[in-house]
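**Student:** This structure is in structure tokens; I'll ask about it shortly.
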Amino acid sequence: MNFEPNTLKSEYDVVICGAGPAGLNCALHLLANKPSLSIALIDKRDPWREPVACAEAVHLSGIKGLIEMNPNWIRSEIDGVWLVAPNGKRILYKQEKSGIILDRALMHYDLAKKVQLLKADCNFRTLVKSIGQFENGSRIVTIQSDGIQTQLKALAVIDATGAGPNLCDDPSLLQKHFDVEPAVFGLVKGIPCDINHIEMYFGHTYAPGGYAWVFPRDGVSANVGIVVGREYLKTHPPRKLFQQFIERFAPNAEVGPLHGGPIACGQGKDRISGNWLIKCGDAADMVNPISRAGILEALKSGEFAAITLLKLFDSPNDQHATIYLEYEKNWDTYRGKNHIRLARVKQAFGNISDKTLDKAANKLDKIPDSKRSMFRIFWATFTSSPSLIWKMRSFW
Ligand SMILES: Cc1cc2nc3c(=O)[nH]c(=O)nc-3n(C[C@H](O)[C@H](O)[C@H](O)COP(=O)(O)OP(=O)(O)OC[C@H]3O[C@@H](n4cnc5c(N)ncnc54)[C@H](O)[C@@H]3O)c2cc1C
């Protein structure tokens with residue numbers, strides 16, 4: 001893909017660190033609403049470099065409401081999910097045309113082009129080394145490109161650098177990142193996989209505390225991966241589980257190189273905005289702790305961050321504290337509060353025994369496909385192990 005990077009200037013109104021969905025969407029919203037802003041969008045690597053560390057599945061209605069979709073970004077349309085129990089029983093949860101598998105590389109490329117056309121300076125071969133504290137009306141962003149370190153001055157900084165780097169040593173904005181899970185995935189040719197359905201494998205057999213996935217990609221290969229709960233990482237290394245999974249389900253498949261990627265769940269009560277710095281997407285641990293989905297969260301929080309900055313620019317200093325709180329409240333209302341509730345029951349959910357899951361799958365197998373709802377799936381699981389209802393009480 002062809003992209004001419006811009007030479008960076010030494011001062012900007014806004015420096016956006018990270019050109020994933022959060023950073024890209026933030027830049028687009030800022031420029032659409034205030035084209036006069038000078039903006040630098042920086043990433044350490046071309047955000048369209050394959051493979052993007054992701055299984056690329058999103059709800060169609062969710063993404064449509066957040067961004068102008070280009071049909072070319074759709075690898076396939078998803079009509080439902082096969083839930084696979086430890087004993088191998090497959091339960092179909094039908095939801096016609098409810099989801100899509102994105103071509104994130106192409107989406108990132110198109111969005112970056114758009115941001116550049118709107119006159120932001122984009123440079124994707126530049127590492128952000130640190131984001132300095134707010135002093136004398138600005139922040140200093142230290143960057144490195146071709147081995148040379150320089151500094152940018154910014155009135156405001158967006159940290160959209162993904163899971164965990166904590167680039168800013170501002171004590172009021174340090175996050176603990178206590179639930180970042182390392183996932184592994186690879187592109188696998190020749191694994192049986194239906195282009196219109198995703199597959200999720202639950203149980204300790206496959207991935208304790210998490211799940212294994214087979215998501216279609218292009219009709220030839222599938223994105224296959226494993227995420228396990230953090231408490232099982234030492235006893236169940238994801239790479240080993242991945243190999244076992246392939247040996248069981250696709251021993252003759254052609255497995256591409258294995259890649260790792262951190263999944264940033266575990267949003268806590270730490271502040272994520274203040275003093276002209278706003279964190280969004282994975283940098284603020286916004287991933288759903290059970291489904292491990294974070295693309296829509298990143299896009300939406302990028303939009304919220306842009307709205308917040310625009311308000312800050314237009315308001316006197318004494319209103320800023322309220323505006324930062326509003327950003328965090330908006331996120332809480334959108335998904336944050338729900339994620340915190342899910343995080344509380346994550347362990348109980350991840351510890352459901354294989355026996356219980358098998359029992360639930362056997363019950364669900366007797367219900368016709370068309371009558372299987374998410375409620376019935378949960379109900380079958382809970383009634384297979386009544387103690388679960390008690391363990392999940394903090395959710396209800
Ligand atoms: C294996 C895996 C599978 C997943 N599958 C799904 C899925 O199917 N559906 C879903 O919704 N979510 C999924 N997720 C989660 C999803 O990928 C993330 O939530 C989403 O990408 C977050 O977007 P973001 O913009 O916040 O961060 P990112 O997409 O991580 O973007 C951050 C950007 O910052 C750049 N960067 C980092 N550090 C620096 C630095 N120091 N200097 C400059 N640039 C830097 C990175 O290069 C990157 O381009 C998955 C995650 C993983 C790891």
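**Student:** Ranked from highest to lowest mean number of other Cβ atoms within 10 Å per residue, what is the order of the peptides 289-299, 332-342?
**Tutor:** In descending order of packing, they fall as 289-299, 332-342.
**Student:** Which whole-number percent is the relative contact order of the stretch 270-356 (Cα, under 8 Å, 6+ apart)?
**Tutor:** Result for the stretch 270-356 is 32 percent.
**Student:** Could you work out [θ]222 nm for the chain from helices alone, using -39500 (n - 2.57) per DSSP H run of at least four and dividing by all its residues? Round to the nearest 500 deg cm²/dmol.
**Tutor:** -9000 deg cm²/dmol
**Student:** How do the peptides 247-256, 158-167, 275-284 rank, highest first, by the average count of neighbouring beta carbon atoms within 10 Å per residue?
**Tutor:** 275-284, 158-167, 247-256
**Student:** Looking at this model, which pairs from 114/269; 176/346; 176/279 are more than 24 angstrom apart at the alpha-carbon?
**Tutor:** Pairs exceeding the cut-off: 114/269.
**Student:** Using per-residue counts of other Cβ atoms within 10 Å, averaged over each peptide, order 179-189, 137-147, 368-378 from highest down.
**Tutor:** For the peptides 179-189, 137-147, 368-378, the packing ranking is 179-189, 137-147, 368-378.
**Student:** Next question. Determine the relative contact order of the stretch 1-105: mean sequence separation of Cα pairs under 8 Å and six or more apart, normalised by residue count, in whole percent.
**Tutor:** Relative contact order here is 25 percent.
**Student:** Can you tell me the FRET efficiency between residue 113 and residue 87 if r is taken as the Cβ-Cβ distance and R0 is 41 Å, rounded to the nearest 0.05?
**Tutor:** It comes out at approximately 0.25.
**Student:** Taking the alpha-carbon centroid of each part, what is the distance from the stretch 1-80 to the stretch 182-253 in angstrom?
**Tutor:** 27
**Student:** Considering only protein heavy atoms and a 1.4 Å probe, what is the carbon-and-sulfur percentage of the accessible area of the stretch 36-173?
**Tutor:** Answer for the stretch 36-173: carbon and sulfur cover 48 percent of the accessible area.
**Student:** Also, I was wondering about something else. Straight-line reach only, C-alpha to C-alpha below 13 angstrom: list the aspartates and glutamates that residue 234 could link to, leaving out same-chain residues fewer than 8 apart.
**Tutor:** 181
**Student:** At a 1.4 Å probe radius, carbon and sulfur cover how many percent of the accessible area of the stretch 240-396?
**Tutor:** The nonpolar share, carbon plus sulfur, comes to 55 percent.
**Student:** Reachable aspartates and glutamates from residue 300, Cα under 17 Å, same-chain residues fewer than 8 places away excluded?
**Tutor:** 56, 68, 159, 282, 285, 326, 328, 332
**Student:** Here is a further query. Work through the residues other than residue 173 whose Cβ is under 10 Å from its Cβ and net out their charges, Lys, Arg +1 and Asp, Glu -1.
**Tutor:** Overall, the nearby charge balance is -2.
**Student:** Which pairs in the list 94/363; 129/153; 94/189 are over 20 Å apart, alpha-carbon to alpha-carbon?
**Tutor:** 94/189
**Student:** A further question on this structure: Under a 1.4 Å probe, what is the accessible area of the stretch 287-354 per residue, stated in Å²?
**Tutor:** 44
**Student:** Below 8 Å between Cα atoms, with a sequence gap of 6+, how large is the relative contact order for the stretch 167-290 in percent?
**Tutor:** Reported relative contact order: 33 percent.
**Student:** Per residue, how much accessible area does the stretch 185-277 show when a 1.4 Å probe rolls over the protein heavy atoms, in square angstrom?
**Tutor:** Heavy-atom accessible area per residue stands at 43 Å².
**Student:** Residue farthest toward the positive end of the dipole of the stretch 207-297, with Cβ of Lys/Arg at +1 and Asp/Glu at -1: which of 209, 251, 276?
**Tutor:** Comparing the listed Cα positions along the dipole, 209 ranks first.
**Student:** Just the accessible area per residue of the stretch 34-181, please: how many Å² with a 1.4 Å probe?
**Tutor:** Heavy-atom SASA per residue in the stretch 34-181 reads 46 Å².
The values are calculated or read from the model by the stated rules, or taken from the named source; none is laboratory data. Remember, it's a predicted structure, so these values are computed and weren't measured experimentally. A quick note on method: Cβ atoms are made from the backbone with ideal geometry, for glycine too, and the neighbour counts reach across all protein chains shown. Protein only, heavy atoms only, side chains kept; ligands, DNA and RNA dropped before computing areas. Shrake-Rupley method; radii C 1.70, N 1.55, O 1.52, S 1.80 Å.
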